[in-house]
Ligand code: SF4
């Protein structure tokens with residue numbers, strides 16, 4: 001269900017824009033329609049009031065928690081069932097964040113990602129994206145939403161931007177706390193500056209080498225690292241918040257001195273944060289997680305040379321923490337064993 005379809009439905013029942021906003025605000029903030037002095041009986045048109053129980057039931061049916069997997073770091077992975085039986089993953093993050101999925105599966109096919117192995121199964125609608133936030137808010141406060149779960153948001157941009165608009169306007173989430181993560185796509189750079197809610201941007205870099213990037217992210221747009229950073233820098237200056245560059249640290253693949261020196265050359269002086277995330281091992285995928293000491297030394301080396309680097313662990317490391325692992329396990333999917341290429345070995 002699209003958010004715009006909910007608005008159209010309310011409009012046909014006689015709702016004005018402020019009535020639509022009120023109903024959607026109640027949903028996304030998990031608030032009772034009867035709260036406050038203005039009760040629905042004295043505020044909303046009668047046909048809208050009468051339609052609310054049915055609408056609420058449909059919104060509740062958009063997403064439900066199938067299983068919860070708490071981790072030691074305070075995060076919890078949720079396996080979320082959608083109305084047609086498909087499943088996605090959401091992650092409750094420490095410090096009031098939630099990570100949502102924007103697609104079932106993903107077409108980019110990153111070699112190190114479990115979700116990428118299934119290909120794209122279907123898009124997640126804007127209503128289903130917001131429903132993941134609503135589920136999270138029923139469990140914990142949510143002040144930050146990151147679009148870093150299953151899927152490439154750029155491949156479902158209409159729905160993702162619709163969800164971002166609602167979360168930023170009615171959902172009481174600061175615009176800089178809405179983080180759209182992408183491998184880098186011209187549509188993102190074109191459309192994000194036009195929105196009334198401009199989310200923060202996370203760009204998946206992973207390597208400075210064009211040929212290695214083409215192997216690791218086989219169906220990502222063919223940006224060079226420098227072009228990607230130039231696009232990111234433009235958006236960072238427009239919005240006033242830094243770009244988060246994502247770097248999944250793969251042992252022996254993208255952690256050599258050549259990569260690190262190129263990174264310094266690329267990011268020093270940029271309005272940027274480099275999030276370095278040691279790979280979370282997926283059984284069946286041919287990559288290794290580097291040791292924590294090695295990762296820490298790399299982050300410190302970069303930091304000393306002027307790259308604002310944050311070493312992070314992927315949330316829920318101890319509970320099948322790699323994106324797509326819960327879903328694969330629940331669906332009985334077998335991880336695909338990929339042969340390592342010379343460039344990734
Ligand atoms: S890492 Fe992200 S973009 Fe790449 S395949 Fe996985 S979900 Fe898709």
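Overview of results
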read-out: Long-range neighbours under 6 Å by Cβ, at least six apart or interchain, first residue farther than 13 Å from residue 142 by Cα within the range 164-175, second modelled with pLDDT under 95 and not in a loop (DSSP other than H, G, I, E, B); value: none
read-out: Subset of the range 105-127 (residues that are within 11 Å of the ligand (Cβ to nearest atom) and part of a strand (DSSP E or B)); value: 105, 120
read-out: Qualifying residue in the range 147-165 (condition: more than 16 Å from the ligand (Cβ to nearest atom) and more than 27 Å from residue 206 (Cβ to Cβ)); value: yes
read-out: Hey, residue 145 closer than 29 Å to residue 250 by Cα and either out of contact with any strand residue (DSSP E or B) (no Cβ under 6 Å at 6 or more places or on another chain) or not in a loop (DSSP other than H, G, I, E, B) (or both) or not; value: yes
read-out: Subset of the range 166-191 that is assigned to a loop (DSSP other than H, G, I, E, B) and more than 11 Å from the ligand (Cβ to nearest atom) - its residue that is nearest to residue 241 (Cα to Cα); value: 174
read-out: Residue in the range 199-222 that is crowded, with 23+ Cβ neighbours inside 10 Å, more than 12 Å from the chain's Cα centre (by Cα), closer than 26 Å to residue 310 by Cβ and free of Cβ contacts under 8 Å to residues at least 24 places away in the same chain present; value: yes
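Let's see how each residue does on (1) touching a strand residue (DSSP E or B) at 6+ places or on another chain (Cβ under 6 Å); (2) farther than 23 Å from residue 118 by Cα; (3) at pLDDT below 95; (4) assigned to a strand (DSSP E or B):
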residue	(1), (2), (3), (4)
53	no, yes, no, no
57	no, yes, no, no
81	yes, no, no, yes
85	no, no, no, no
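The values are calculated or read from the model by the stated rules, or taken from the named source; none is laboratory data. These numbers come from a predicted model, not from an experiment. When we count neighbours, we look across all protein chains shown, and the Cβ atoms used for this are built from the backbone with ideal geometry, even at glycine.
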